Amino acid sequence: MAAEPSTGTVASAAAAPAEQKPAITRTTITPSPGTVPPVAESDKGRKGKRQKPTGGARPAFGRRRTGRNELASAMPPHPGAHILRTATALLLGALCLLTVFGAILMLLLWQQDNASGVLSTQLDRTWNLFDAVRDIERILAFAVVPVACAWIALAAVNAKRATGRRRDPILAALSLPVGLAGIWLIGAEIVAEANDWVGEAAGVALQAVFAAIPFLALERIAEVAEARHGPLRTAYVMGVLYLIDLQFLGAISTVEETAAADEWGRLGAYLLIAALIQVLGSLSANEAMRAIEEGTDHRYQLRHKFGESVLAQL
């Protein structure tokens, strides 16, 4: 039988490795402030995972405003735009009625000549009345310009308040008188002085370019308000057609006094065409202005209600 080891020998053998194992001391290294922490080797190979910043200042670029400031940027549009639009529509409607009255006057004169003839006193009275109509039309045309400019400026301000996208109201309002001044200057210096139809057509083309100046300004406002562009473009087309009718056919301001009886019927027909173009242009302009107002109010309501719901959740 084998001899059993003694108890003291086993205890000394088990205690020997424990006495020989060195003690391990853990040291924690804390980086100084402003020092980028080292990246472990196992993390260098990972792709598609971004490390979240643990502290320090946030980068200057890409800094966004707080949600409360952005939601509070929507302000209600100023009242009074519909009043200016109504005044503009009434003035344009009065211009249409004057053109219709001039056409009826010419047609009645032509019918009177065909029926029993026209006396010289009747002819003079008719042309004096036509001159009075021309003066009233000139006054109304000068009156509609400042009202329309005021509406354009107010529409630009309201679009900026409702959407937060800036549009200069002064430049937008000045686009209308600048375009009208260019149309008048070209008509007086180029179209009126042209000796053939080529020069007249070139002058009308330049007038159409100047007519596009207020149209483009209103297009930018309509784009900001997300309004319908169809009525505005129709109004521009009607404006160009009226310029063509004004230069080649005739309107209240361009009809010349004549004693030829065979010209009265033709002038009356031309005035009816001009009145039809004016009516269509006035309706299109009024609808375009209404579309911009409704688009601006709709954008404000959307931003305002969305801001209220988000702020309530916050």
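Brief remarks on what is shown
- Residue identified as among the polar types (S, T, N, Q), out of contact with any helix residue (DSSP H, G or I) (no Cβ under 7 Å at 6 or more places or on another chain) and either on the phi > 0 side of the Ramachandran plot or in a helix (DSSP H, G or I) (or both) among ASN128, ASN158: ASN128
- Scanning region 269-299 for residues being among the hydroxyl-bearing types (Ser, Thr, Tyr) and either under 17 Å from ALA141 (Cα atoms) or touching a Cys at 6+ places or on another chain (Cβ under 7 Å) (or both) gives a total of 1.
- Number of the exception - ILE252 against (1) buried (at least 20 other Cβ atoms within 10 Å of the Cβ); (2) within 30 Å of ALA162 (Cβ to Cβ); (3) in contact (Cβ under 8 Å) with a residue 60 or more places away in the chain: (2)
- Of the residues ALA211, ALA205, ALA162, the single one that is within 15 Å of the chain's Cα centre (by Cα) and either closer than 24 Å to LEU280 by Cα or among the small types (Gly, Ala, Ser) (or both) is ALA162.
- Region 259-271, subset buried (at least 17 other Cβ atoms within 10 Å of the Cβ) and among the hydrophobic types (A, V, I, L, M, F, W, C), residue farthest from SER120 (Cα to Cα): LEU271
- Applying the condition of being among the charged types (D, E, K, R) and in a helix (DSSP H, G or I) to region 222-245 and asking which residue is farthest from ARG165 (Cα to Cα) yields ASP245.
- Some residue of region 210-223 being among the basic types (Lys, Arg), over 22 Å from SER253 (Cβ atoms) and modelled with pLDDT under 85: no
- Listed conditions (1) in a loop (DSSP other than H, G, I, E, B); (2) touching a residue at least 24 places away in the same chain (Cβ under 8 Å) are all met by VAL204, apart from (1).
- Long-range neighbours under 8 Å by Cβ, at least six apart or interchain, first residue under 13 Å from VAL209 (Cβ atoms) within region 160-186, second surrounded by 14 or more Cβ atoms within 10 Å (Cβ to Cβ) and among the polar types (S, T, N, Q): GLY182/GLN207; ILE183/GLN207; ILE186/GLN207
- Checked against (1) under 23 Å from ARG165 (Cα atoms); (2) small (Gly, Ala, Ser); (3) modelled with pLDDT of 90 or more, SER282 passes all but a single condition, namely (1).
- Of residues in region 285-314 being at pLDDT 80 or above and acidic (Asp, Glu), the one nearest to GLY239 (Cα to Cα): GLU287
- Condition check for VAL157: β-branched (Val, Ile, Thr) and either within 21 Å of ILE244 (Cα to Cα) or surrounded by fewer than 14 Cβ atoms within 10 Å (Cβ to Cβ) (or both): no
- Being part of a loop (DSSP other than H, G, I, E, B), touching a residue at least 12 places away in the same chain (Cβ under 8 Å) and within 19 Å of VAL100 (Cβ to Cβ) is a property that ALA274 lacks.
- Applying the condition of being at pLDDT below 85 and surrounded by 14 or more Cβ atoms within 10 Å (Cβ to Cβ) to region 76-121 and asking which residue is farthest from ALA260 (Cα to Cα) yields PRO77.
- Subset of region 242-283 (residues that are among the small types (Gly, Ala, Ser) and either closer than 14 Å to LEU105 by Cα or in contact with a strand residue (DSSP E or B) (Cβ under 9 Å, 6 or more places away or on another chain) (or both)): ALA251, ALA261, GLY265, GLY268, ALA269, ALA275
- Take the conditions (1) touching a residue at least 24 places away in the same chain (Cβ under 8 Å); (2) in contact with a helix residue (DSSP H, G or I) (Cβ under 7 Å, 6 or more places away or on another chain); (3) under 25 Å from LEU283 (Cα atoms); (4) part of a helix (DSSP H, G or I); GLU219 misses just one of them, which is (1).
The values are calculated or read from the model by the stated rules, or taken from the named source; none is laboratory data. What you see is a predicted model, and the numbers here were worked out from it, not measured in a lab. A quick note on method: Cβ atoms are made from the backbone with ideal geometry, for glycine too, and the neighbour counts reach across all protein chains shown.
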